[in-house]
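The values are calculated or read from the model by the stated rules, or taken from the named source; none is laboratory data. Quick caveat, the model's predicted, so the values are computed rather than measured. Neighbour counts are summed over all protein chains in view; Cβ atoms, including those assigned to glycine, are modelled from backbone coordinates with ideal geometry.
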Amino acid sequence: MITAISLDLWDTLIESEQGPLESYTLMELEALRKIIGESKNIEKDEIIESYLKLHKYRSVIKPETFAKLLCYLLGINQHDQLLNKAIEAYVEAGYNYFPKLIAGAVELLEYSKKRGLKVVVVTNTHFTGRTVHKMLENIGIAKYVDFVISSADYEVLKPNPRLFKIALDLLKANPWEVIHIGDSCTRDVLGAFSAGMKSILYARREKSIEACKHVPLLGVIKDLREAIPILKKYTGDGFE
């Protein structure tokens with residue numbers, strides 16, 4: 001019997017954007033520029049150039065640290081009174097992001113809550129867990145989510161099983177009591193498997209199916225609503 005489900009965020013619950021300058025990134029950089037502009041004349045292109053030097057690290061270090069490093073590149077030193085204000089503006093800019101919800105997500109989340117399952121989001125992202133929760137609130141699904149585990153908060157990326165073990169600790173659950181659902185064979189399925197969990201592959205790309213052909217799966221789905229009958233097998237048949 002399962003007690004919870006674990007969900008990937010990008011391309012599972014919400015659509016990702018093509019980087020490295022996604023719309024939310026531009027929001028973050030603009031928020032930073034406005035604060036820095038109070039004491040230093042700086043062009044948008046200069047901020048973007050500095051950001052591109054660092055962006056590959058952003059999902060594996062704390063957002064506050066990333067913003068601080070970016071400020072240093074832009075000539076804001078550690079004693080500048082605007083530094084903390086700029087960091088705060090960068091981190092909180094994501095609160096205003098409204099991501100695109102993936103079809104079937106609401107139905108899956110509603111089923112999980114009606115059945116009494118806890119829901120945790122485990123994601124590789126540069127956003128804090130708090131920011132992710134706010135983004136989900138913006139599109140009306142935060143009420144279904146009990147916890148958010150962000151790679152940036154813990155400075156470790158899936159498929160490292162540590163993120164999944166953190167989720168299990170928060171859920172107070174054993175690995176066999178939680179099913180993970182995600183679109184990546186490597187990050188999601190293998191990461192969860194290495195933590196002792198079973199997975200459902202949300203196969204938005206055929207290459208994910210091929211990559212996972214030798215990995216034990218509870219199912220392969222093309223629509224999130226297809227996960228519901230699989231979950232029913234582990235929560236009690238006949239529940240509607």
What tally of residues in the range 104-140 results from selecting those that are part of a loop (DSSP other than H, G, I, E, B) and either touching a strand residue (DSSP E or B) at 6+ places or on another chain (Cβ under 7 Å) or within 21 Å of Val189 (Cβ to Cβ) (or both)? 7
Any residue in the range 56-75 that's in the same structural domain as Tyr90 (by TED's automatic domain parsing) and among the aromatic types (Phe, Trp, Tyr): show its pairings with residues that are surrounded by fewer than 17 Cβ atoms within 10 Å (Cβ to Cβ) and part of a helix (DSSP H, G or I) at Cβ separation under 8 Å, as long as the two are six or more apart or on different chains. Phe66/Leu54; Phe66/Tyr57
Taking interchain pairs and intrachain pairs at least six residues apart, which have beta carbon atoms under 8 angstrom, with the first residue in the range 174-185 and under 11 Å from Phe164 (Cβ atoms) and the second hydroxyl-bearing (Ser, Thr, Tyr) and modelled with pLDDT of 95 or more? Val178/Thr3; Val178/Ser6; His180/Ser6; His180/Ser199; Gly182/Thr12; Gly182/Ser199; Gly182/Tyr202
What pairs come out if I take residues in the range 2-19 that are over 16 Å from Lys222 (Cα atoms) and pair them with residues that are at pLDDT below 95 and not in a loop (DSSP other than H, G, I, E, B) whose C-beta lies under 8 Å away, six or more apart or interchain? Ile2/Tyr234; Ile2/Thr235
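For (1) on the phi > 0 side of the Ramachandran plot; (2) crowded, with 20+ Cβ neighbours inside 10 Å; (3) outside the structural domain of Val122 (by TED's automatic domain parsing); (4) over 20 Å from the mean Cα position of the chain (by Cα), each residue gets a yes or a no:
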residue	(1), (2), (3), (4)
Asp8	no, yes, no, no
Asp11	yes, no, no, no
Ile36	no, yes, yes, yes
Ser39	no, no, yes, yes
Glu49	no, no, yes, yes
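Identify the residue in the range 192-209 that is assigned to a helix (DSSP H, G or I) and of a type in the set (A, V, I, L, M, F, W, C) and, among all such residues, is farthest from Arg225 (Cα to Cα).
Here the residue is Phe193.
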Can you find a residue that is touching a helix residue (DSSP H, G or I) at 6+ places or on another chain (Cβ under 7 Å), surrounded by fewer than 15 Cβ atoms within 10 Å (Cβ to Cβ) and part of a loop (DSSP other than H, G, I, E, B) anywhere in the range 220-240? yes
Look at Val148 and say whether it is crowded, with 21+ Cβ neighbours inside 10 Å, in contact with a strand residue (DSSP E or B) (Cβ under 8 Å, 6 or more places away or on another chain) and under 30 Å from Leu32 (Cβ atoms). yes
Quick check: anything in the range 78-98 part of a loop (DSSP other than H, G, I, E, B), buried (at least 18 other Cβ atoms within 10 Å of the Cβ) and among the hydroxyl-bearing types (Ser, Thr, Tyr)? yes
For the range 55-77, which residues satisfy the criterion of being assigned to a loop (DSSP other than H, G, I, E, B) and at pLDDT 95 or above? Arg58, Ser59, Val60, Ile61, Lys62
